Each structure stands twice: as structure tokens, then as C-alpha cells.
1. Calculate one ³J(HN,Hα) per residue across the range 94-102 by plugging θ = phi - 60° into the Karplus curve 6.51 cos²θ - 1.76 cosθ + 1.60, and present them in order as whole Hz with x for glycine and proline.
2. Separation between the Ala178 and Tyr145 pseudo-spin-labels, each 7 Å from Cα along Cα→Cβ, expressed in nm?
3. Using a 1.4 Å probe, how large is the accessible area of Asp149, given in Å² and rounded to the nearest 10?
4. Mind grabbing the accessible area of Ser76 for me, 1.4 Å probe, Å², rounded to tens?
5. With a 1.4 Å probe and all protein chains kept in place, how do His81, His166, His45 rank by accessible area, largest first?
6. If you take the C-alpha gyration tensor of the range 149-207, multiply each eigenvalue by 5 and take the square root, what semi-axes do you get, largest first, in whole Å?
7. Please give the solvent-accessible surface of Thr167 in Å², to the nearest 10, using a probe radius of 1.4 Å with every protein chain present.
8. Across the range 187-204, in residue order, what do the Karplus-derived ³J(HN,Hα) couplings come to in whole Hz, using 6.51 cos²θ - 1.76 cosθ + 1.60 with θ = phi - 60° and x for Gly and Pro?
Amino acid sequence: METCTVTRAQAIGSAEACLVSRNDPMHDSVPYLRNSLPNDTDILHEYFIPRSQFVSFVDGMRKVLTDNKTNLLNASVRIVHQEGNFLTYSPEPAFSLVLYINQSTDEEGNRRMKKATEEPSRQEAAMGFEVFKGLPMPKGPKKKYNFEDLEVGDMMFVPIAEAEDHTAAQNKMSSAAAGWGRRRDRKFATQLVKNDGKLGIGVWRIE
């Protein structure tokens, strides 16, 4: 589109004005986005915070950035809803805090960025968790899947709890089977199946 002699809107509206391919309406030449400052770079940070803890997190973040003299160019907040997939952004409704930070690329700039990254990350990791000291671990059998009993072609059926998310359950079982098999040179495949009317995960040994 850079060689077209009319505006993009005119080109799209008139078939004779300029040839417009399917990609052209979404194309733009963006050299203006290239960082022309060789001694600076821009970094994006994103933190996912439980909504009830957001204000206290921002208060802590403000102190970290102020004490560190961080060059914060922009900050934005977006809503993150709870999801049922395996690699969810947040296990509960949250706010996402996005920071656009400029830093110098010298040793001092790297030191400041390290501090601006590590301290909020530790604060984020602690959000929403309560620590109990001296609480004994409940006694009970550890869940163990008998992958070792499966020969090639055998299937093990693992029922899904009524309230459990089906995709999350299958992803969890696939991960457990793959991790167990990787250490023993065995391979497994999983699929949602029904056994006597009960929905569950079928785990097949394939190698």
C-alpha cells in the first residue's frame, strides 16, 4: 500500500483506484515502532492478581517502582475471568496489571530491572495464600495410578468426579501418564470414554 497514490480508504472503496489484496487492509508499515535509542529498551510486565488483593498489590508495586526509580511509561488494568482450561491465566477471577517500562541497557539499568521484576513477582506469588504454622499433614493414601500394570494395547479407566471439569481432568491425566512414561521409555494416549455409563478418562499404553 505504500506505493499507492491514494488513501487506503479510497483504494478499498474503488476497484480502479489501486490494487488491494486481502492482506493490505490490515497491513501497515511500522518503522516508527522500532526503538531508535541504542542505549535503552522497553519491557512489558504483566501480573495476575486476585481481585480482593489488587489494591494491596498496587500499593506494594508503587513502593517498589518509586524506591527503584523505575521509568514507568504506561500502566493498564484488564479484567481476567476464571477459566476451566489446564493452562489458565488465573484459577479465580482476577485483575491483570500490565506495566510498560523503559530501562537503560547498562549494568545499572539491568540491576534496576532485576529488582523491579523479582520483588513484585514474590509479592504476586504470595497473593491469596494463607500460611499455617505447625499444622500436621492429613494422613491418607497418596493417589497412585497403576501405569506399570498396563501392557501395550491395555486401557486403564479413571472416573471423573461429577463436578470436575472434563478438559482439566484429561489434561491432568495426560500429564501424569506422560511424566511417568518419560522416565521409563513408555508412551500413553488419553481420551474421554464411558464405562458402564460413568464418564472418565481412558489411558491407553501405546508403546
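The values are calculated or read from the model by the stated rules, or taken from the named source; none is laboratory data. Treat the numbers as computed from the prediction; the structure is a model and nothing was measured. Cβ atoms come from the backbone with ideal geometry, glycine included; neighbour counts cover every protein chain shown. Ligands, DNA and RNA are excluded from the accessible area calculation, which covers all protein heavy atoms including side chains. Shrake-Rupley method; radii C 1.70, N 1.55, O 1.52, S 1.80 Å.
1. Values per residue, Gly and Pro as x: 9, 10, 9, 9, 10, 10, 10, 10, 9 Hz.
2. 1.1
3. 100
4. 50
5. Working: His81 125, His166 80, His45 15 Å².
Final ranking, largest accessible area leading: His81, His166, His45.
6. Each semi-axis is √(5λ); the values are 21, 13, 7 Å.
7. Looks like 80 Å² after rounding.
8. Calculated HN-Hα couplings, in order: 10, 9, 10, 10, 7, 5, 9, 10, 10, 6, x, 9, 7, x, 9, x, 10, 9 Hz.
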